[in-house]
1. Give me ILE6, ILE36 sorted ascending by neighbouring Cβ count inside 10 Å, so fewest comes first.
2. Using the Karplus curve 6.51 cos²θ - 1.76 cosθ + 1.60 with θ = phi - 60°, work out ³J(HN,Hα) for each residue of segment 26-35 in order, rounded to whole Hz, and write x for Gly and Pro.
3. Once the other residues with Cβ under 11 Å from the Cβ of TYR24 are scored (Lys, Arg +1; Asp, Glu -1), what is the net sum?
4. Given the Cα-Cα distance of ASN122 and GLU41 and 0.36 nm per residue of separation, how much length would full extension add, in nm?
Amino acid sequence: MVVSGIKNIELHGKALLMKWLWKYSNENQTLWRRVIGTKYENEDSWMTKIVTTPYGTSLWRSIRALWAEVKPKFKMKDEWHEKGNLETLFPDIYNLTMFQQRTIAKLWTPQGWNFIFRREPNDWEVMTLAEFLNMVGHFTGLQAYEDMLLVERQQ
């Protein structure tokens, strides 16, 4: 079945800009990515700092501005365990944590784990929390992989 009509130009434009954000986070060794990263400085391994140039036009400023609009809609998944991530393995503990967008690697300090919770765990959450802490206590893969951006396609 062929559907004719006019595309939603605004949505189509955002999709094309998002394609460049995706490419930026995945194409680490390309020349264009290194130029953008050098010009605007990297905020983390998959995004630059906010573009603050007050004059002229900047395609990357438009692309980077879109990231602020879209970022809250994406969940940064850190597959730190063979069975899955914190959100899928321990949803109650995930909702209890203060910094849900941080990776397991960023929660590790030389002194130990630095989990910050919104509140004290309830009695029924203590066993799940103990199971979680036991699992991360045996975790040794912090240096194995670099963090990366994963986007889950919604149906």
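1. ILE6, ILE36
2. Karplus values, whole Hz, x for Gly and Pro: 10, 9, 5, 9, 6, 4, 4, 5, 5, 5.
3. Result for the local shell: +4.
4. Value of the extension gain: 24.9 nm.
Each reported figure results from applying straightforward, stated rules to the coordinates on display, with no laboratory input. Just so it is clear, the model here is predicted, and its values are computed rather than measured. Methodologically, a virtual Cβ is constructed for each residue, glycine included, from the backbone with ideal geometry; neighbour enumeration extends over all protein chains shown.
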